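Worksheet: the structure to be examined is printed underneath.
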Amino acid sequence: MKHTTRFLLVFTVLLGAVAGCKKDDGTTPVVTTASQTDLLIANNWRTVRVTDTNSQEINKSRLNLATQILYDLNMQFRNNGTVRALDPKQSNLVINNGTWKLATDNKSIDVVVTGFSGNFPIVQLTKNKLILRQRAPVDGKDADINLEFDPSI
């Protein structure tokens, strides 16, 4: 009787665990303009590092001046399609501004700002991380790089 009760208890726990697991139906969440926009405007973003496409960090001194400057600014994407570069060392004074919009496939962002214009593929966008791909000089030669942003505090 003891063994039967123990067996039934273990069986019930295992059955509950298996039944409680959600099956993966193989679908991924649909990326929409609204969801991407919500994530972009939720934070001001600061550049924390620049990497190559294999996630190897590139020393700041190897980058051109326009890319180096990004480390000193916070980027603010606004719901009205404007983007602002803010200087956190000067009470978030607006240093530069322009416009942004998501491409029709929601996988890249078109930015028009002096010194930082173009179409930037979105490598990653979550509430805690923004990674944009850019073609920019590294050691004087154009290369694909990833601009990694974290929310600024």
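Listing for the model above:
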quantity	calculated
Within the accessible area of the stretch 44-153 (1.4 Å probe), percent carbon and sulfur	46
Filter on Lys101/Lys127; Lys89/Lys127; Lys60/Lys129; Lys60/Lys107 - keep pairs with C-alpha separation over 22 Å	Lys89/Lys127; Lys60/Lys107
Ordering of 93-103, 135-145 by packing [mean C-beta count within 10 Å, highest first]	93-103, 135-145
Most to least accessible of Ile122, Ile69 (protein chains only, probe 1.4 Å)	Ile69, Ile122
Long-range amide H partners of Val138 with built H, under 5 Å	Ala143
For Asn92, residues with placed amide H under 5 Å, excluding near neighbours	Asp87
Å² of accessible area per residue within the stretch 63-153, as computed with a 1.4 Å probe and no ligands counted	54
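The values are calculated or read from the model by the stated rules, or taken from the named source; none is laboratory data. This structure is a prediction, so every number in the text was calculated from the model and none was measured. Neighbour counts are summed over all protein chains in view; Cβ atoms, including those assigned to glycine, are modelled from backbone coordinates with ideal geometry. Heavy atoms of the whole protein, side chains included, go into the accessibility calculation; ligands, DNA and RNA do not. Shrake-Rupley method; radii C 1.70, N 1.55, O 1.52, S 1.80 Å.
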